[in-house]
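The values are calculated or read from the model by the stated rules, or taken from the named source; none is laboratory data. Bear in mind the structure is a predicted one, so any value in this text is a computation, not a measurement. Backbone-built Cβ (ideal geometry, glycine too); neighbour counts: all protein chains shown.
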Amino acid sequence: MSWPGTCIRREEPLSNHTSFRIGGPAEWFAEPSSVEELAAVIREADRLGLPISVIGGGTNTLAADRGVRGLVIHLGAAFRKLENIGAPEDPVATVRCGSAVPSQRLVMTGARQGWDLVEILAGLPGQVGGAMVMNAQGIGRFVQGLTVIASDGRIQSVDRNALHFGYRRSELPSGVIVEAILAFPRIPAEEADRNVQAILSRRNATQDLNVPSAGCAFRNPEQGPAGKFIDDAGLKGSRIGDAQVSLRHANFIVNMGQASADDVLSLMEYVQGRIWRRFGVALEPEVRLLGESWAI
Ligand SMILES: Cc1cc2nc3c(=O)[nH]c(=O)nc-3n(C[C@H](O)[C@H](O)[C@H](O)COP(=O)(O)OP(=O)(O)OC[C@H]3O[C@@H](n4cnc5c(N)ncnc54)[C@H](O)[C@@H]3O)c2cc1C
């Protein structure tokens, strides 16, 4: 195999790249250092017929124990640029944001510069690229456009009108998102900072932030919050292997040490079964499985 550039590693453990600290090896793992290198790697994987997956901060991802076949792309430092592209006197702040920018860097910049509503992202782990794919905390409302590298290596700019965001989901052009244009109305910086601090203290009080997890395991069904059903069914603390339903936040599954992806999947299946039998409510996974398709 003759990969372009020097950014490819073999058999990279995905447990090093997920907040769950779970996951077998990626057959091939690329951390390209430019858009050109990324495009070349994608073209080569396409030519070789290898499946391509992307991992951002890995905070919404459960990577399979058996690992992932093909190429896993992880965007590195070259995709962490964040720059103002509007005039300071504009009523709206417009920024160009690389996909690998940590969501919390975006929030802290917004708190300093006075961006309204940036607080909805306060405390959200992971990167801006992953947040857009998940429409985490409704980040889609700020997105004005995206740049994507398609599977043939072509660079495509996509306008807001062609993007669709829903509850914890999005319809975006397929490919690797490399950057986005985001816009935020301006407010005084002290007010933006206050808004962010208020959300951060609420999050710290309610979420299990010190134990490895991928945040909420299940999407909220239309009947109400998934965590409330799980709590009402008495499932907090349920455990399979080292995977446990958090004692603090019932919709979090936490890795108590050496949990495997199979432990987490079995526990999710168990929770789904109990909630279905008790309340007739179907829980759907919010966590994305990398390396296999959901059997539950
Ligand atoms: C403690 C904790 C709290 C959390 N709280 C919240 C919360 O309050 N609200 C919420 O919505 N979520 C929450 N999450 C879930 C998660 O943090 C978000 O969904 C986050 O935005 C995912 O970003 P990521 O970079 O980690 O994505 P990843 O897990 O790396 O990827 C998510 C998806 O996006 C795709 N992807 C990532 N980057 C790209 C790219 N550049 N191009 C194309 N596809 C890409 C991946 O293939 C995958 O399908 C929480 C997670 C944890 C661990």
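The sole residue among Ile240, Ile253, Ile275 that is among the β-branched types (Val, Ile, Thr), modelled with pLDDT of 95 or more and out of contact with any Ser or Thr (no Cβ under 7 Å at 6 or more places or on another chain) is Ile275.
Number of residues in segment 53-71 that are part of a loop (DSSP other than H, G, I, E, B), of a type in the set (A, V, I, L, M) and over 13 Å from Ala100 (Cα atoms) equals 1.
In segment 44-79, of all residues being free of Cβ contacts under 8 Å to residues at least 24 places away in the same chain and of a type outside the set (Gly, Ala, Ser), the one that is nearest to the ligand (Cβ to nearest atom) corresponds to Pro51. Screening segment 80-97 for residues that are in a loop (DSSP other than H, G, I, E, B) and among the small types (Gly, Ala, Ser) and picking the one that is farthest from the ligand (Cβ to nearest atom) gives Ala87.
Where strands (runs of 3 or more DSSP E) fall wholly inside segment 120-211, the ranges with 1 or more residues that are within 11 Å of the ligand (Cβ to nearest atom) are 143-149, 169-171, 176-185.
Residue count for segment 80-100, restricted to those that are free of Cβ contacts under 8 Å to residues at least 24 places away in the same chain and either touching a helix residue (DSSP H, G or I) at 6+ places or on another chain (Cβ under 6 Å) or among the hydrophobic types (A, V, I, L, M, F, W, C) (or both): 1. If you go through segment 212-229 and pick out every residue that is among the hydrophobic types (A, V, I, L, M, F, W, C), assigned to a helix (DSSP H, G or I) and within 14 Å of the ligand (Cβ to nearest atom), you end up with 1.
With respect to Arg105, determine if the residue is out of contact with any strand residue (DSSP E or B) (no Cβ under 6 Å at 6 or more places or on another chain) and modelled with pLDDT under 95. Judged against the criteria, Arg105 is not a match. Since Asp262 meets every condition but one in (1) within 12 Å of the ligand (Cβ to nearest atom); (2) assigned to a helix (DSSP H, G or I); (3) touching a residue at least 12 places away in the same chain (Cβ under 8 Å), which condition does it not meet? It fails just one condition, (1).
In segment 158-177, the residues that are assigned by TED's automatic domain parsing to the domain that holds Gly98 and over 23 Å from Ile55 (Cβ atoms) reach residues that are more than 13 Å from the ligand (Cβ to nearest atom) and modelled with pLDDT of 95 or more with C-beta atoms within less than 6 angstrom, at least six apart or across chains, in these pairs: Asp159/Gly145; Arg160/Gln144; Arg160/Gly145.
Restricting attention to segment 3-19, the residues that are on the phi > 0 side of the Ramachandran plot and either touching a Ser or Thr at 6+ places or on another chain (Cβ under 7 Å) or among the small types (Gly, Ala, Ser) (or both) total 1. When Gly114 is tested against (1) within 11 Å of the ligand (Cβ to nearest atom); (2) on the phi > 0 side of the Ramachandran plot; (3) surrounded by fewer than 23 Cβ atoms within 10 Å (Cβ to Cβ), just one condition goes unmet, and that condition is (1). Could you say whether any residue in segment 95-102 is under 24 Å from Val143 (Cα atoms), modelled with pLDDT of 95 or more and over 18 Å from the mean Cα position of the chain (by Cα)? Yes, segment 95-102 has at least one match.
Pairing each residue of segment 112-132 that is more than 16 Å from His74 (Cβ to Cβ) with any residue that is in a loop (DSSP other than H, G, I, E, B) and more than 8 Å from the ligand (Cβ to nearest atom), provided the two are 6+ apart or on different chains, yields C-beta distances under 6 Å for Gly114/Ile187; Gly114/Pro188; Asp116/Ile187.
Residues in segment 6-25 that are of a type in the set (Gly, Ala, Ser) and within 12 Å of the ligand (Cβ to nearest atom): Ser19, Gly23.
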